[in-house]
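Everything below concerns the one structure shown next.
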Amino acid sequence: MNNPNVKPLVAAIALATAATTSYAQDNSADDAQLLEEVVVTGFRGSIASSLNTKRDAAGSVDAIYAEDIADFPDQNLAESLQRIPGVAITRDAGEGRQVSVRGLGPQFTRVQINGMEAMSTTGGTDSSGGANRSRSFDFNTFASELFTELAVLKTSSADVDEGSLGATIQLKTARPLDADDNFNAAVNAQLGYNDLSEESDPKLSAVISGKNDSETFGWLASVSYSDRNALEEGFSTVRWQQSGDWISCGNCADGDPSEVSDYFHPRIPRYGKLTHEQERIGFTGTLQWRPTDRTEIVVDYLQSTFDASRDEEFLEALIRSEADSTNLLSYEVDSNGTMVAGSLDNANIRIENRHDELETDFSQFTAELTHDFTDSFRVSALVGTSESSFENPIQTTVIFDDKASAGIEGATPAQYTWDFTSNNELPEVSFGNFDVQNPDNFVYTNIRQRPNYTDNNFDNFKFDAEWDINNALTLKGGVSYKSYEFDVGEKRYDTSLSGIDSVGGPIAIDGLYYITSMGDGLGAPSGTTLSWISPDVGAASDAVGLDSLPVSNDRLQDNRSVSEDDTGYFVQLDWNTELAGMGFRGNAGVRYVETDQSSSGFQDAGDEPVLVTVDRTYDDTLPAINTVLEVTDNMFVRASWAKVMTRPSLSDVTPGGSVDGFNNTVSYGNPFLDPFRADAIDLSWEWYFMDDALLSVAYFQKDIESFITSRTDEGVAWSDLGLPDDLLNGTPADPSESFDVNRRVNGGGGDLDGFEIQYQQPFTENIGIILNYTKVDSEVNYAADGEEPDMNQLTGMSPKSYNGTLYFENDTFGARISYTFRDDYLTRYPGRNGNDLEYTASTANVDMSLNYNVTESLKLTLEGINLTDEFNHQVVDSSDRVSVYHHTGTQYYLGAQYKF
């Protein structure tokens, strides 16, 4: 919603009406000291608050409180959340970005900030998902210092908004009236150092709050700033494919290249150097007013800006459609049909540098008021609006090709050799007598410009009422309305230089390059070429007048939008009584929601793309029940059941289509997709056997009724698609080639089940441990209705994940070391280019934190993140062909915190 009158109207309504409280707001006893925890208490106190939240909940909930977040060595919210059992994260540029809960990926998780649903999106490297155009939430746009509580609701109840198949994550900022003192302030300053980039990075945060003597009015403001310079280096292949029509094959029988046609070779093997510069600024502001003992009004504002630039430099060989002009001199193949080594003559050597500038602006305003009419009847309501605007206004790629491949007469053909025999992830790569640092061997052949954006807007309203029927029963009911708009667009100017006005063809690169090098600490085999000339993007852009060239809109199929209006109603009965002499509490209710969806996208139709808009309405009835049996004062048994749903991905429900000339795929959306729907069961046993201690076991199961999947028709000739040939401009694809056509459909269902074990205990007054382990198994049908079942695990699901923290803390000194493991997880099924699947290999991260209290007001800190320099390792095929193998080094922070 872009109406400029909306936000003032929302504010006026909010102050006159009310706001609802979420689960986290139901824990007022725990919340009463949140700000004090940030300023005064230590890690042990935050553990106690987290256990109280878990213990008092009706469903399965895990939380982290402010001191816990501030003291963990975390760069952002995602890395804080990974400490919670069952939560695993994905990273971009060495930093946490998205989360999965109990094996269900980011698209199945909903996020609420101060009680209202919100969306935050940013961009990433292609290997980490690129620009976020789904319902997944990018947590790297926020600093963890802005929040005082993170709660993960792993079971559903009728009074919690729908939309989550996996979990609802609630983020909460501080409340000024919760502080003990009338005035509070704290400043935290850190200086970071990365051992790979060898850059120093500052981090600053501050919080200030006050309240009047009568404790009826309070205010709070917090701010955070960080500047991060990261270096990412490694090897990638852009997948593997079966060999094509080589000109000749040196060590094939009779030189016949058909001998190797069934073997897999790397498509675009390349060493790369990626430079990331990121600036994150965040602000929160809160006004809290309690005019009477029965009334409270809270107004919150949250702003976060995440600006980044990224340069991706690659030295690569194109062994794709270009293979039919390349001579395979020799090769070595393993038992899986993988060319683990190969030597080429007349190779197509390419150098490219892509420069991205990325901007994410997130803002949210909420206002809430609660009022108790009597001791037994109360109401609450919430109004709010949020906006996440992501822009990638500059995405420029400059390409140099070797002269022979560019068709320059008399040029010496390039040579290329790859060899994985001594290292499965980092091959030895060399170029024979071809010098990749000699500018005379290359010409400037291509430039691309692809600006794009993604906008997400939410407007929320809730109104709830509660009536205590008696001391044991409370009846709740409410209505909610969400208006959500998603808009994405992209423009392109992709061309060879011969297509640019006044440029007749490839041009010399004099003055348009510099020498780049990489590989310190990478561990690449001796003899690997790791220095080359790299395009100077600015100079190369100026050389062809890029800024004066019109950016075409021929990617209309990438311009699409979705709007949704969701109206929900719920009724719920809470109870707290006894059963057979044991405490028995819980809730049972039902939520009904109607979704009105309108999606628009362009479809190619002859010479002119056509904008298609499809309207659709569907509804869901979602019952839920949560029970807690208090076997003893310290031993609980929980049981939950619910029907849950997640709406389809936004990119899947738009009716437009897209063409990928680099991967030879054509994709179409489907606005008539039904949501993911499932029956969810959760059983747990919890034993709080001493203060700040817990031993628990939980079993969970989800019966997924319908699983959205792709139906792919392979090998479809481009001429049979009826699409214009110019859609392939600027890509390696040719209209004579065949393509895989992907369509999203509702397929069969599947099952997911697993268990969690949590254990934490202080061994002494100062030493303790926190451990958790999650095991998940799933089997879902990736086939479309009417096709033979094709069963495999869920994408994004790690069968095993666990983490542990060993801590020491006294009045003067604190130390913590944390270990986090995430198992392999499937990223795509079926795989592309004849590979059976694609997955990301397991990761094991070690972090540490030290702090020393110089005085009651001054604390010194030292943090280390990713101490073992874990690699991002992506793989295609079950035979483990490397796709990406990159690392970002270890990050350290030295800091000081002062409390006024």
Scan the range 592-601 and tell me whether some residue there is within 23 Å of Ala678 (Cβ to Cβ), assigned to a strand (DSSP E or B) and of a type in the set (S, T, N, Q). yes
Let me spell it out: the conditions are (1) of a type outside the set (Lys, Arg); (2) in contact with a strand residue (DSSP E or B) (Cβ under 6 Å, 6 or more places away or on another chain); (3) modelled with pLDDT under 95; (4) part of a strand (DSSP E or B), and Thr495 meets all of them except one. Which number is the exception? (2)
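Does Asp419 satisfy being in contact (Cβ under 8 Å) with a residue 60 or more places away in the chain, buried (at least 17 other Cβ atoms within 10 Å of the Cβ) and not small (Gly, Ala, Ser)?
Details: in contact (Cβ under 8 Å) with a residue 60 or more places away in the chain: yes; buried (at least 17 other Cβ atoms within 10 Å of the Cβ): yes; not small (Gly, Ala, Ser): yes.
Answer is yes for this residue.
Restricting attention to the range 787-803, does a residue exist that is part of a loop (DSSP other than H, G, I, E, B), aromatic (Phe, Trp, Tyr) and over 20 Å from Gln874 (Cα atoms)?
No: the range 787-803 contains no residue that is part of a loop (DSSP other than H, G, I, E, B), aromatic (Phe, Trp, Tyr) and over 20 Å from Gln874 (Cα atoms).
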Quick one: is Gly163 touching a residue at least 12 places away in the same chain (Cβ under 8 Å) and assigned to a strand (DSSP E or B)? no
The condition from (1) surrounded by 17 or more Cβ atoms within 10 Å (Cβ to Cβ); (2) assigned to a loop (DSSP other than H, G, I, E, B); (3) hydroxyl-bearing (Ser, Thr, Tyr) that Ser849 misses is numbered (2)
Can you tell which of Thr148, Thr155 is of a type in the set (Val, Ile, Thr) and more than 21 Å from Ile704 (Cβ to Cβ)? Thr148
Search the range 518-571 for residues being of a type outside the set (S, T, N, Q) and in contact with a helix residue (DSSP H, G or I) (Cβ under 9 Å, 6 or more places away or on another chain), and hand back the single one that is nearest to Tyr484 (Cα to Cα). Arg555
Please determine whether any residue of the range 495-512 is among the hydroxyl-bearing types (Ser, Thr, Tyr), closer than 30 Å to Thr121 by Cβ and either surrounded by fewer than 19 Cβ atoms within 10 Å (Cβ to Cβ) or touching a residue at least 60 places away in the same chain (Cβ under 8 Å) (or both). yes
Going by the structure shown, is Asp487 touching a Lys or Arg at 6+ places or on another chain (Cβ under 9 Å), assigned to a loop (DSSP other than H, G, I, E, B), at pLDDT below 95 and within 24 Å of Asn452 (Cβ to Cβ)? no
Take the conditions modelled with pLDDT under 95 and among the acidic types (Asp, Glu) and apply them to Glu425. Does it pass? no
Kindly indicate which of Gly255, Gly282, Gly250 is out of contact with any Lys or Arg (no Cβ under 8 Å at 6 or more places or on another chain), of a type in the set (Gly, Ala, Ser) and either closer than 30 Å to Leu369 by Cα or crowded, with 16+ Cβ neighbours inside 10 Å (or both). Gly282
Of everything in the range 193-222, what is closer than 30 Å to Glu277 by Cα and assigned to a loop (DSSP other than H, G, I, E, B)? Give them in sequence order. Asp195, Leu196, Ser197, Glu198, Glu199
Yes or no: Ile533 under 21 Å from His355 (Cβ atoms), part of a strand (DSSP E or B) and either of a type in the set (Val, Ile, Thr) or without any contact (Cβ under 8 Å) to a residue 60 or more places away in the chain (or both)? yes
Could you tell me how many of the residues in the range 784-830 are farther than 30 Å from Ile770 by Cα, buried (at least 16 other Cβ atoms within 10 Å of the Cβ) and in contact with a Lys or Arg (Cβ under 8 Å, 6 or more places away or on another chain)? 1
Take the range 567-586 and flag every residue that is without any contact (Cβ under 8 Å) to a residue 60 or more places away in the chain and among the charged types (D, E, K, R). Glu578
Looking at the range 755-768, which of its residues are within 29 Å of the chain's Cα centre (by Cα) and either under 30 Å from Ala815 (Cβ atoms) or assigned to a loop (DSSP other than H, G, I, E, B) (or both)? Glu756, Ile757, Gln758, Tyr759, Gln760
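The values are calculated or read from the model by the stated rules, or taken from the named source; none is laboratory data. Just so you know, these numbers come straight off a predicted model, no measurement behind them. Positions of Cβ are generated from backbone atoms using ideal geometry, with glycine treated the same way; all protein chains shown enter the neighbour counts.
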